[in-house]
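Accompanying notes for the structure given below.
The values are calculated or read from the model by the stated rules, or taken from the named source; none is laboratory data. These numbers were taken from a predicted model, which means no experiment stands behind them. A quick note on method: Cβ atoms are made from the backbone with ideal geometry, for glycine too, and the neighbour counts reach across all protein chains shown. Note: accessible area is taken over every heavy atom of the protein model, side chains too, but ligands, DNA and RNA are not part of it. Shrake-Rupley method; radii C 1.70, N 1.55, O 1.52, S 1.80 Å.
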2 protein chains.
Amino acid sequence: MSEDLLNRRYRLVGKGAPLFYEKPLHVVRGEGVLLFDADGNEYLDAYNNVPVVGHCNPRVVEALTRQAGLLNVHTRYLHENLLDYTERLTATFSAPLDMAILTCTGSEANDVALRMVRELTGKRGIICSNSTYHGNTTAVDELSTMFRGGKSESPNVRAIPFPETYRPLNGLTGEALADAYVNEVQAAIRAFEESGTGFAGMLVCPIFANEGLPDVPAGVMPRIARIVREAGGMLIFDEVQAGFGRTGYMWGHQMIGVEPDIVTMGKPMGNGHPIAGLVSSADIINAFRSRVMYFNTFGGNPVSCAVGLAVLDVIQEERLLDNVRNVGAYVAQGLRELKQRHEAIGDIRARGLFFGVEMVSDRARKTPSAEMANMVLNRMRENGVLISRAGPFDNVLKMRPPLPFTKAHADRLLSTLDQCLEAVAHV
Amino acid sequence: MSEDLLNRRYRLVGKGAPLFYEKPLHVVRGEGVLLFDADGNEYLDAYNNVPVVGHCNPRVVEALTRQAGLLNVHTRYLHENLLDYTERLTATFSAPLDMAILTCTGSEANDVALRMVRELTGKRGIICSNSTYHGNTTAVDELSTMFRGGKSESPNVRAIPFPETYRPLNGLTGEALADAYVNEVQAAIRAFEESGTGFAGMLVCPIFANEGLPDVPAGVMPRIARIVREAGGMLIFDEVQAGFGRTGYMWGHQMIGVEPDIVTMGKPMGNGHPIAGLVSSADIINAFRSRVMYFNTFGGNPVSCAVGLAVLDVIQEERLLDNVRNVGAYVAQGLRELKQRHEAIGDIRARGLFFGVEMVSDRARKTPSAEMANMVLNRMRENGVLISRAGPFDNVLKMRPPLPFTKAHADRLLSTLDQCLEAVAHV
């Protein structure tokens, strides 16, 4: 059955369309933090951040159904839902970030953010990290350094080493390490200015999710933000992964205490429904719109906004941020305990309900082991728990469940991980 | 009430977010080809192509609801809906176009099509028309010649005059006119080759919808297709407006009898739900995917595909293509009659249920009158019929209703247009 599906898939969408797991999973139903396959097997979903309030959340489905039966049109007519949603959304930011542009995908949100900073600064140069991905459009793909050995092929993009303490730049520590990362940004800005490209801004994930959720040296991000602005650039935070409560804060930048000029968002925004967008200041968005005719046919339609509102309702009324902090701390503690017993764990990172587990073949040398990570995640899948991996060496187990994740779910995740690490150690 | 809404809108999404009509319409409900405003007034929707099978079509809403309550995940797991939909969709094309990439918006579809032809040809140069718009991403926006006086600012894009018989290039006619348009494409290809940019392909709407639906000199499009391929380029047809039965054929290129290498699609695909994509050959898509990691989080999810399937079901089972041909011919005949009585109509274009009415201040000189077009469409709105305008001079009344448009609806459209033209003639 799955074999037939796989062959049909190869024929209709191609072998190159990405699939998870050595034995791909044929899913048929989702509920809360659980997925079910065609044979009725249950899986604990510890990967998917899109269904942020749980797979098929009934309140979200009800809002979707009600509005889809009433009206679904573009935003060149007046409708309350666009305004109610934008008002609720912008209220979760501090004062200067008070206006929105709604799109359908995070790629579109990042693309329009790039258009915005380039249009308003009159410069082209964008700084990103050396192990990242922000989306699939031509312009955003120029930042996909994770597929290109840490570099961009575009003269308009420069990658800096992402800040971390685990494999610190040049083996430095403390203030010297912080200085080194800040200097990389300075150097990139200077190179843009000298090449004539000019410096438009910086686009990064505030928690460096694709980079493997590194611990960032203290003070680096506020210093980088200051430097970007002093050079006339704008700071864009891609909150597609960090946003909507993932870290225990509504937004990742609120956790790290750095205010950007533009926030982009996507994946969890509609719990699976295609809604995304950016939030910035009225000054910035009005200046952009006065120069550029930007319209998005499906962006901000009444159905998408009804869904977005329902997601915000559930996050707030079910106190999911509190749950993220409580259960997140519980999982983090469990992972630290696992690290004591499993040599293959080199490091543990935790931000709310987002975890990275560094798999290494030599803990002292911090030798990354993509192979071990791959074995663990496939074994987890066989044992009914879904996770993935990330990071520049593809060796960081990535765990990022829907937010209604309980301590019971956490126990299941931790015990299955424990078993799989044990089994893999003896392969 | 609408005043409050407007002020909230300016505060939350900005004055630059586009709105229709001098007195914006506050819509609250849609049903079939009708929209209703907050005061309970009914409007005949003769503009929106997105709700192709009618606003809030119950079969589409039911499919959406059922699947949204069951499962909504990305395509890195196996699921039948992606395959069932892709199979049904590609079956509407002739044999070489047998594989798909699903996205969320037409902009994304055109962006990945541009990535594809540039990646596979190793060249950058794209030919488009001089009065077009294909979407809002950085790369696709380089083709937005309608906002830039008929030109592109990018060295990677060259605009050719769109082919038409109403205001023919250099006043030519017959074979000489056809030759002239073909020569423009030849010249653009040569210029790309000489500049070192190289020629990657051509991206146009097969019915030149944004250009005002011009009558194209016979033989021009097949000749252009041949030239593009002989030069090693690929032909992309943007069927975002022409596709899904609009012309009385399933695809606009089937009406004009020219087979492209890539077809992009969007707007009507999900009747308002954000689904879009491209269809091409397995050879082209597999070659692209072997070089580029393309993934779209929401693209091809089970909910979008269930919606897409329902749209295809309704188009087929309700025989909407037949309706398009029948009612389309009826409206076209009515418009020709109006032209006999209204001097302000310079020309009538009709393709299925898609109509362009050229408003002119001097019929002999074909002097475009954007002012008259604007007056007519705002008066139509006041009289309960929604249309818009298009074309390089913004003077072509654009009528493009949902496909379940009956002769009774057509009578209402025509009689209201008659009255509004009469009233405007005496202003």
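Annotations for the structure displayed:
- Per-residue average of Cβ from other chains inside 10 Å of B:92-104: 3
- Residue-count net charge about B:Leu34 - beta-carbon cut-off 9 Å; Lys, Arg +1, Asp, Glu -1: -2
- Peptide-level mean, for A:137-144, of C-beta atoms on other protein chains within 10 Å: 5
- Heavy-atom accessible area per residue - the protein assembly as shown, 1.4 Å, Å²: 34
- Pairwise FRET efficiency - B:Ser154 versus A:Arg365, Cβ, R0 = 45 Å, nearest 0.05: 0.40
- Normalised convex hull volume, the range B:245-402, alpha-carbon set, Å³ per residue: 166
- Cα pair distances in the range A:114-198, grouped into 5 Å bins until the bin that holds the longest one, percent each: 3, 15, 21, 22, 19, 12, 6, 2
- Choice from A:Leu312, A:Leu83, A:Leu64 showing the highest fluctuation, given a GNM over chain A with Cα pairs closer than 10 Å: A:Leu83
- The slack in the chain from B:Arg167 to B:Asn326, taken as 0.36 nm per residue of separation less the alpha-carbon distance, amounts to 54.3 nm.
- Between B and A, accessible area buried - total, square angstrom, nearest 100, 1.4 angstrom probe: 7700
- Separation of alpha-carbon centers, the range A:320-361 and the range B:57-105, rounded to whole Å: 37
- When B:Lys23, A:Lys339, B:Lys151 are compared by accessible area at a 1.4 angstrom probe, the order from most to least is B:Lys151, B:Lys23, A:Lys339.
- Semi-axes of the equivalent ellipsoid for the range A:180-281, Cα gyration tensor, largest first, Å: 26, 16, 11
- Among residues other than B:Arg365 with Cβ under 15 Å from its Cβ, the summed charge is -1 (Lys and Arg +1, Asp and Glu -1).
- Under the criterion of Cα pairs below 8 Å and six or more residues apart, the relative contact order for chain A equals 21 percent.
- The range A:291-315-the range A:221-244 distance, computed between alpha-carbon centres (Å): 24
- Our estimate of slack between A:Asp313 and A:Ala218, defined as 0.36 nm per intervening residue step minus the Cα-Cα distance, is 30.8 nm.
- Partnerless Cys - chain B, beta-carbon criterion under 4.7 Å: B:Cys56, B:Cys128, B:Cys205, B:Cys305, B:Cys420
- Label-to-label distance for A:Gln186 and B:Lys407 is 8.0 nm, based on points extended 7 Å past Cα in the beta-carbon direction.
- Descending by average beta-carbon neighbour count within 10 Å, the peptides A:152-160, B:202-210 line up as B:202-210, A:152-160, the highest first.
- Anisotropy class of chain B from Cα gyration tensor, a/c 1.5 cut: oblate
- Largest accessible area first, the listed residues B:Asp84, A:Asp261, B:Asp39 line up as B:Asp39, B:Asp84, A:Asp261 when surface is computed with a 1.4 Å probe on the assembled protein chains.
- Solvent-accessible area of A:Thr121, all protein chains in place: 30 Å² (probe radius 1.4 Å, heavy atoms, ligands and nucleic acids excluded).
- Across the accessible surface of the range A:47-128, with the other protein chains kept in place and a 1.4 Å probe, carbon and sulfur atoms take up 53 percent.
- Note on chain A: GNM, Cα springs under 10 Å; of A:Val140, A:Val357, A:Val73, the largest mean-square fluctuation is that of A:Val73.
- Accessible-area value, B:Tyr133, 1.4 Å probe, nucleic acids and ligands omitted, Å²: 50
- Rg in Å to one decimal, and Dmax rounded to a whole Å, for the range B:1-82 via C-alpha atoms: 17.5, 49
- Taking only the Cα atoms of the protein assembly as shown, the radius of gyration and Dmax are 27.1, 90 Å.
- Lysines whose Cα lies under 28 Å from that of B:Lys267, excluding same-chain neighbours fewer than 8 positions away: A:Lys15, A:Lys267, B:Lys15, B:Lys23, B:Lys151, B:Lys398, B:Lys407
- Summed residue charge, Cβ within 14 Å of A:Met99's Cβ, Lys/Arg positive, Asp/Glu negative: +2
- Modelled FRET efficiency - R0 41 Å, A:Ser94 with A:His426, Cβ distances, 0.05 increments: 0.20
- When only Cα pairs below 8 angstrom with a gap of at least 6 residues are kept, the range B:104-242 shows a relative contact order of 27 percent.
- Prolate/oblate/rounded call for the range A:49-125, Cα gyration tensor, a/c under 1.5 rounded: prolate
- Exposure ranking of A:Glu239, B:Glu259, A:Glu337 by accessible area [1.4 Å probe, largest first]: A:Glu337, B:Glu259, A:Glu239
- Within the listed set B:Cys305, B:Cys56, B:Cys128, the residue fluctuating most in the Gaussian network model of chain B (springs between alpha-carbon atoms under 10 angstrom) is B:Cys56.
- Mean separation of Cα contacts under 8 Å (6+ apart) over length of the range B:137-199, as relative contact order %: 23
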